[in-house]
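The values are calculated or read from the model by the stated rules, or taken from the named source; none is laboratory data. Note that this is a predicted model, so its numbers are computed, not measured. Positions of Cβ are generated from backbone atoms using ideal geometry, with glycine treated the same way; all protein chains shown enter the neighbour counts. These accessible areas exclude ligands, DNA and RNA; they are computed on the full protein's heavy atoms, side chains included. Shrake-Rupley method; radii C 1.70, N 1.55, O 1.52, S 1.80 Å.
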Amino acid sequence: MEIRFTAFVLTAALMLSVELSAGGTFSSRLIHGYSDEAMSFWASKGKSVTCPKRESVERMRLLLSNDLKRQRLKLGSQKQLLFPSEGSKTHFYGNDLSWLHYAWIDIGTPNASFLVALDAGSDLLWVPCDCVQCAPLSSSYYSMLDKDLNEYSPARSNTSKHLSCSHRLCELGPNCQSPKERCPYTVNYYSENTSSSGFLFEDKLHLTSVGGHEHQGSVLASIVIGCGSKQSGSYLNGAAPDGVMGLGPGEISVPSLLAKSGFLPHSFSLCFDKTNSGTIFFGDQGPENQRLSSFVSLDGNYNTYIVEVQRYCFGGTCLKQSGFQALVDSGSSFTYLPSEIFPKVVTEFEEQINATRLATEDFPYCYKASSRGLPNIPSMKLVLAANQSFVIQNPVFTISSDQGDNFYCVGILPIEGMIGIIGQNLMEGYRMVFDWENMKLGWSHTKCQDIGGSAKVPPTPPPSGLASNPLPTNEQQRSPGGHAVAPAIAGKPSAASLHAVSYWHCAMSSLLLSFVVWLPYLI
């Protein structure tokens with residue numbers, strides 16, 4: 001906190017002096033913070049401050065240290081990123097796991113690993129837990145997996161505690177008979193009859209930090225977990241058998257809780273490359289050269305990642321009246337257009353592709369590959385607000401029939417209503433940045449492995465190597481300006497911290513005194 005206070009005092013003094021200099025001239029004496037006059041000033045205020053003697057080695061070390069600290073403050077924009085302790089890599093298993101992207105995460109103490117689907121269209125992180133109705137977890141059901149999936153049990157985690165019905169994050173609290181009861185939850189998803197229900201708990205999510213000025217290290221973050229004892233619909237039929245990580249902007253999501261704790265900006269990125277792998281990074285706000293489009297409200301509320309699509313274009317021609325609002329959703333395998341827009345798009349696609357359509361059961365616009373391979377696919381793009389172009393890298397995907405024939409199908413389907421969905425298939429080849437702090441969606445072409453630089457998973461760290469942050473989920477601390485600040489941690493200060501306070505008291509005296517000396521001239 002001393003560093004932030006120093007920067008605040010210096011900034012405030014500079015702002016005051018600039019404002020007054022614009023209206024007239026003034027003068028004042030400048031007093032060095034380590035001078036005899038400065039020491040006399042602090043003594044008159046009842047403060048006992050001892051600084052190293054002039055021309056001593058200690059004095060030079062102190063001045064040099066202050067310079068280095070100021071240089072680090074100037075570089076503070078290089079923020080750290082966090083990613084799951086199992087690695088930043090995401091996994092894609094095609095139809096074997098319902099075309100979703102997954103990441104391995106570790107939860108609890110001792111930690112247990114879960115293969116969760118990444119879903120920007122929902123908020124809650126839930127995992128199968130004390131199962132009554134869950135998907136199979138044995139690796140024998142999933143040929144692509146080399147180990148069993150886990151079932152979470154709060155009783156087996158030393159850091160688990162239930163959320164009560166009185167907790168501010170308990171949406172179903174009013175339905176409880178007693179405020180002290182366990183908080184129940186039910187989440188319904190877009191897929192028909194697909195849901196997860198159970199009780200909410202707080203536990204530790206294991207993360208790894210990279211970037212900024214810190215060495216790569218381990219972090220324990222308190223997050224809210226749905227103990228999913230009962231699943232239905234797609235979650236019993238191959239989709240997300242080991243849980244879902246909701247990445248939405250709601251208060252209960254992992255990105256939101258990390259931001260409110262002061263760890264990171266309220267932002268994260270997903271990158272899905274053309275080899276069907278990718279990355280996830282919390283705190284990533286994207287490169288400077290990325291394209292940006294603002295999130296918009298849905299029915300007057302900002303509670304999900306909605307963007308404004310102004311036009312749907314083929315080559316240099318944009319379809320008339322083809323604008324719509326779209327949810328940007330990594331939990332949707334394919335892209336869905338409002339029923340009024342869909343016919344215009346597929347009609348134009350057919351005219352430009354000049355191939356014979358062979359509809360399949362699930363996808364109405366499929367085409368058989370010839371011996372010469374795929375025909376030329378027309379270039380397509382979405383024009384988002386502020387005239388920002390989102391070029392569709394590959395709108396089709398290939399499937400094989402039981403007879404061995406290859407088909408390529410348009411991964412775009414109709415949906416009722418006026419809200420479309422930009423799904424994973426259109427995000428391929430992009431680093432997608434969901435920056436809720438600045439209310440922007442960012443996208444840029446990149447190789448996913450380039451994002452985190454040295455974001456490699458270290459060997460499993462010993463328990464003493466974990467940095468634990470309580471990340472309070474009931475009472476979050478925020479600064480008046482709205483930016484998240486780290487929670488206060490009660491505890492007896494160490495000798496090292498007391499030494500640091502004394503050290504900074506001396507070093508700050510020049511800034512504080514300069515500010516006080518200016519005050520008579522500023523009033």
### Query
Would segment 339-355 turn up any residue that is outside the structural domain of L118 (by the TED database), at pLDDT 90 or above and either touching a helix residue (DSSP H, G or I) at 6+ places or on another chain (Cβ under 8 Å) or basic (K, R) (or both)?
yes
### Query
Could you say whether any residue in segment 284-302 is buried (at least 23 other Cβ atoms within 10 Å of the Cβ), at pLDDT below 90, farther than 17 Å from S222 by Cα and not basic (K, R)?
no
### Query
For residues in segment 368-378 being over 19 Å from F314 (Cα atoms) and either surrounded by 10 or more Cβ atoms within 10 Å (Cβ to Cβ) or touching an Asp or Glu at 6+ places or on another chain (Cβ under 6 Å) (or both), which is modelled with the highest pLDDT?
K368
### Task
Of the numbered conditions (1) open to solvent by 10 Å² or more (accessible area, probe 1.4 Å); (2) at pLDDT below 95, W436 fails exactly one; give the number of that condition.
(2)
### Query
Quick one: would you say K180 is open to solvent by 80 Å² or more (accessible area, probe 1.4 Å) and over 19 Å from G243 (Cβ atoms)?
yes
### Message
Residue under question is C313, and the condition is that it be under 15 Å from the mean Cα position of the chain (by Cα) and either modelled with pLDDT of 95 or more or not in a loop (DSSP other than H, G, I, E, B) (or both); does it hold?
### Response
no
### Message
Within segment 126-158, take every residue that is surrounded by 17 or more Cβ atoms within 10 Å (Cβ to Cβ) and hydroxyl-bearing (S, T, Y) and give me the one that is nearest to the chain's Cα centre (by Cα).
### Response
Y152
### Task
Give, as residue ranges, the strands (runs of 3 or more DSSP E) completely inside segment 250-299 that count at least 1 residues that are in contact (Cβ under 8 Å) with a residue 40 or more places away in the chain and within 12 Å of the chain's Cα centre (by Cα).
267-272, 278-282
### Query
When segment 380-419 is examined, which residues are found to be at pLDDT 90 or above, open to solvent by 50 Å² or more (accessible area, probe 1.4 Å) and of a type in the set (G, A, S)?
none
